[in-house]
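Each reported figure results from applying straightforward, stated rules to the coordinates on display, with no laboratory input. Treat the numbers as computed from the prediction; the structure is a model and nothing was measured. Here Cβ is always computed from backbone atoms with ideal geometry, including for glycine, and neighbour counts include all displayed protein chains.
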Amino acid sequence: MTEIKGARVLVTGGQRGLGKALAAALLEAGAGTVYVTARRPEPETDPRLVPLALEVTDEASVARLAEQAPDVDIVVNNAGATIPNGLLRNDVADVAHLLDINVLGALRVTQAFAPVLARRGGGAVVNVHSVLSWASGAGAYGVSKAALWSLTNSLRHELADQGTQVVGVHLGYTDTDMVRALDVPKNDPRDVAAQVVEALLKGGNEVLADEVTRHFKAALSGPVEGLAVA
Ligand SMILES: NC(=O)c1ccc[n+]([C@@H]2O[C@H](COP(=O)([O-])OP(=O)(O)OC[C@H]3O[C@@H](n4cnc5c(N)ncnc54)[C@H](OP(=O)(O)O)[C@@H]3O)[C@@H](O)[C@H]2O)c1
């Protein structure tokens, strides 16, 4: 269980999309300060939101962030990107760059902030995965999210000794810029964010945000054909 009232929170990619909804939900739950990052941060009107620059693939940028936000209790690794499907057509360099953002970015931020969380009594790390970490057919994005899921599960063990709660978030299509062009049913990001807040308060390990996510988690115990989305 993680106390949110009065907490200082970092949300990577917190100025738009799901990250913005997470920041708002955490403030609503009583967080004192939410550091929200963007590659080019914009001013915020709410003084409780503190915009900071972050490029997750850049070690120096992560180190600067840790200096600027020295008092964090909850780290939300939300920043993420995608590239078009087609592992056989994708340039390997593009796949590697996506892994750098979606997987190693979360690792860099967690490594930088783990000592901070330990000093402040444990706190929490929240990593945003996807239903596509389990469902096949999503190409490089699925590869990155499956790796991130594994990273989260191992970090949970490594951070247990210092009392840090680790929450993995799985979700299907959610109404943000990332899937703006797709005409499909989408989650409301505010609904996903509310479930993350609930998991933090209740000490949960995992958020399965919607029906499609619960379906594919259950399908992991069946034949691999059941994991295909395309
Ligand atoms: N939307 C969906 O359907 C869906 C479904 C499952 C999982 N997710 C996951 O949810 C998370 C949030 O995505 P979203 O849907 O809100 O997408 P989004 O609107 O495209 O936002 C992506 C966020 O990630 C940040 N970001 C991207 N590359 C970055 C980099 N190299 N360094 C630092 N920050 C970077 C962006 O920051 P800037 O402002 O600097 O661009 C932005 O805030 C992602 O991890 C995504 O994979 C989304």
Cross-link partners of LYS5 among lysines (Cα-Cα below 20 Å; sequence separation of 8 or more within a chain): LYS20, LYS202
Ascending count of other beta-carbon atoms within 10 Å, so fewest first, for HIS157, HIS97, HIS170: HIS157, HIS97, HIS170
Per-residue ³J(HN,Hα) for the stretch 82-96, Karplus 6.51 cos²θ - 1.76 cosθ + 1.60, θ = phi - 60°, Hz, x for Gly and Pro: 9, 9, x, 4, x, 4, 6, 9, 5, 5, 4, 4, 5, 5, 4
The stretch 60-128: trypsin sites (Lys or Arg not before Pro) in DSSP loop, at most 12 other beta carbons within 10 Å: ARG89
Centroid-to-centroid separation of the stretch 192-230 and the stretch 1-57 [C-alpha atoms, Å]: 24
Spatially proximal lysines relative to LYS145 (Cα-Cα < 20 Å; intrachain offsets below 8 disregarded): LYS186, LYS217
Size of charge dipole - the chain - debye, nearest 20, with Cβ of Lys, Arg +1 and Asp, Glu -1, no other charges: 180
Residue-by-residue Karplus 3J(HN,Hα) for the stretch 157-168, coefficients 6.51, -1.76, 1.60, Hz, glycine and proline x: 5, 5, 8, 4, 4, 8, x, 8, 6, 10, 10, x
222 nm mean residue ellipticity, helices alone, for the chain (DSSP H n ≥ 4; -39,500 (n - 2.57); rounded to 500): -12500 deg cm²/dmol
Relative exposure of TYR173, TYR35, judged by other C-beta atoms within 10 Å (fewest first): TYR173, TYR35
Whole-percent pair-distance distribution, where bins are 5 Å wide, for the alpha carbons of the chain: 1, 7, 15, 20, 21, 17, 11, 5, 2, 0, 0
Highest to lowest packing among 66-73, 11-18, scored as the average C-beta count within 10 Å: 11-18, 66-73
